[in-house]
Every structure is written in structure tokens, then in C-alpha cells.
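Here the structure comes first, spelled out in C-alpha cells, and everything after it is commentary.
The values are calculated or read from the model by the stated rules, or taken from the named source; none is laboratory data. This structure is a prediction, so every number in the text was calculated from the model and none was measured. A quick note on method: Cβ atoms are made from the backbone with ideal geometry, for glycine too, and the neighbour counts reach across all protein chains shown.
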Amino acid sequence: MRNPFASHTDFGFLKGVIQENPKAMPSNLDMIFERNGHFLIGEWKREDEEVSTGQKILLKALALNEKFTVLMINGHSDHTGTVVDNYYEVTQSKLIVLGNGIDSLKDYLNTWYRYVNNTSKTHF
């Protein structure tokens, strides 16, 4: 996080705002890259932190778009340091293990970037 004093936005004030679906709430994303109209999204979760049902629906829907690559990263990066345990690609039906560790994640991000930078294909 560039600003260590930034806090998460509390969307509680929007509860019930969608009259047709009062349970609908916004979701935040922890990481996003864009290159040539392709997007890589990363959602970070600490050990024992759950993904809400709404966030699962959102991430799976984004993963259906061929221009989106969606990652779920077990770990954290904050004032205490950075930890990357396993990280996964989100698909409609499952999580696919991609690797573990900071260096592995960095390699994956560079591979993704090179791929979308040098191809007209639609998905990494």
C-alpha cells in the first residue's frame, strides 16, 4: 500500500441502496494491473480470512471475461512485511494452484505482462 495510513473504505452506508436487491454491496479489490485492455486482478486474504459470498460471485464473474485474469493470494503486504503463501487463478468452478512465495508471484506477474504485451490472444 502506498499510503500506510490509508484505511479500507466502509461501504456500510450503502446497505440496502439497491432497492431490487437490498443485500447487494460493493466490493473492493486489492490489486489490479492493466495492459493493452487486459486486466490482472489480485485479491489478498490473510490466513483464516474468509472470502465473502458476494466477493466469490464477483471474482468468478470477472474470471469469465477472457480479458481478465483473477488471482486469489494467501498472504499480506503491510507495515509488518510481505508474505505470499499459495496463490491461485480463479475460474468459474475452481481455484488453480499457480505457485507460492514472493519471487514466484513476481515471476508470474512478469510472465502475464509479457504475454498480454506481445499477443493478440484473449486470455493468459
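Do you know which residues across region 42-73 are closer than 16 Å to Val84 by Cβ, out of contact with any His (no Cβ under 7 Å at 6 or more places or on another chain) and in contact (Cβ under 8 Å) with a residue 12 or more places away in the chain?
Answer for region 42-73, where residues must be closer than 16 Å to Val84 by Cβ, out of contact with any His (no Cβ under 7 Å at 6 or more places or on another chain) and in contact (Cβ under 8 Å) with a residue 12 or more places away in the chain: Gly42, Glu43, Lys45, Glu47, Leu71, Met72, Ile73.
Among the residues of region 1-57, how many are surrounded by 10 or more Cβ atoms within 10 Å (Cβ to Cβ), among the polar types (S, T, N, Q) and at pLDDT 90 or above?
Going through region 1-57 one residue at a time, the tally reaches 2.
Mind counting the residues in region 74-95 that are touching a Phe, Trp or Tyr at 6+ places or on another chain (Cβ under 6 Å) and free of Cβ contacts under 8 Å to residues at least 12 places away in the same chain?
Total meeting the criteria: 0.
Can you pull out the residues in region 6-32 that are part of a loop (DSSP other than H, G, I, E, B), within 21 Å of the chain's Cα centre (by Cα) and over 16 Å from Asp78 (Cβ atoms)?
If the condition is that a residue be part of a loop (DSSP other than H, G, I, E, B), within 21 Å of the chain's Cα centre (by Cα) and over 16 Å from Asp78 (Cβ atoms), then Thr9, Asp10, Ala24, Met25, Pro26, Ser27, Leu29 are the ones that fit.
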